[in-house]
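Working notes, beginning with the structure itself.
The values are calculated or read from the model by the stated rules, or taken from the named source; none is laboratory data. Everything numeric in this text was worked out from a predicted model, so none of it was measured. Neighbour counts are summed over all protein chains in view; Cβ atoms, including those assigned to glycine, are modelled from backbone coordinates with ideal geometry.
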Amino acid sequence: MILADLDSRRLDAVVACPREGRLAQMLSDLRVRTVIIDSLKARFTWRPDRLIRYLRSFFDVIRSARATVIRESPDIVHANSIRAGLVMSAATFGLRVPIVWHVHDLLPRHFLSVTIRLFTCLSRRNQIIAVSDAAADRFRGTLLRFLSKRVPVNTIHNAVDFERFRPDAQSRKETRCVLRIAEAQPVIGIVGQLTPRKRPLELINAFAKIAPKVPNAVLLIVGEALFNRDAAYAESLIQAARSLGLREQIRFLGSREDTPALMRAFDLLVVNSSAEAFGLTNIEAMATGTPVLAAAVDGIKEIIHHDEDGWLFDSRDQPALEEGMLKLMRDPSLRARLSRQGRQRVMTHFSVDRFRSEIESLYHDLLERGKKPQPVPGFEVKLSAD
């Protein structure tokens, strides 16, 4: 999103990223110059053996990143995750280059999180931006609330591409045809990683309760397990659908590249997460005109206003999930109202133009504060990704 929409006439971007993964191909498609650095293999863990291995990976990546920064001499480094922020801040000690940490996740309640907060305090070069107030508050913790001038933490909400995610009746019809779903057939969808935090199992159980009351309803589950520890969980979802006798009504579509088309085919998107820093699928569905039923957690509450532009429920209340699904599937006029007002909400508050303006304003403010002399006429931004 950042790279696709920055003003290339004023900002010259180069990305440091690992060779493996989809990111390198996406950058090639955007014609963005890339430099290859080592892949960071680190996760939050309580196991000492893994922690030692992860720390070794950090040191290797820091060495690679420092050599890259010295060679490229960027005016700003935009680190696109907490882990990337740690690496790039450590890699640039003594180099005076400002580091933007872009926080997309809720910092875990873990002893390492305190260490991360302390680490950000070591340099005034660090600037934190979070995708939601919820993510910003979690990152601050208690420590950074008292050090807000030394380590600024601000919110820049995510944006949605209105060209990709937009209403399209013909696309809806074609997608349903490919999926062999009749136009009048009720369709509920969930999109995201297959992991316990997204709570797809609870959604399957809720769907089993309402399916007899919503004739011919279909539940489409879009996504896959991204980590080895979730593979068994994903298999358990398939087994749950079978054991409930819903093998034909619950379809697992796996990872898909046609998410906008699928969302148009839904009558309702359900976001059942127990925690969500932002919840990009919410604004993507709203942009396509698909009404959203979502758990009232974290950043989601900053997107959706209950019974105005979406429908919220308590994530710990399974009956509320079932009742919300049933109410929305039985009331087309309510879905139409939420669809209309939801799309208006995202167009007003989550546009790419707003996002680009806030990011570019941040870059200019960093330079004007004297963290590095401003070049003329533009400057280079280095984006570091996991």
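For this structure, a couple of remarks:
- The listed residues are Arg138, Arg145, and the only one of them that is basic (Lys, Arg) and touching a residue at least 12 places away in the same chain (Cβ under 8 Å) turns out to be Arg138.
- Considering only residues in the range 148-172 that are over 22 Å from Glu368 (Cβ atoms) and among the aliphatic types (A, V, I, L, M), the one that is surrounded by the most Cβ atoms within 10 Å (Cβ to Cβ) turns out to be Val160.
- Helices (runs of 4 or more DSSP H) fully within the range 299-369 counting 1 or more residues that are over 21 Å from the mean Cα position of the chain (by Cα), of a type outside the set (Ser, Thr, Tyr) and modelled with pLDDT under 95: 352-368
- Of all residues in the range 108-130, those that are surrounded by fewer than 22 Cβ atoms within 10 Å (Cβ to Cβ) and under 17 Å from the mean Cα position of the chain (by Cα) total 2.
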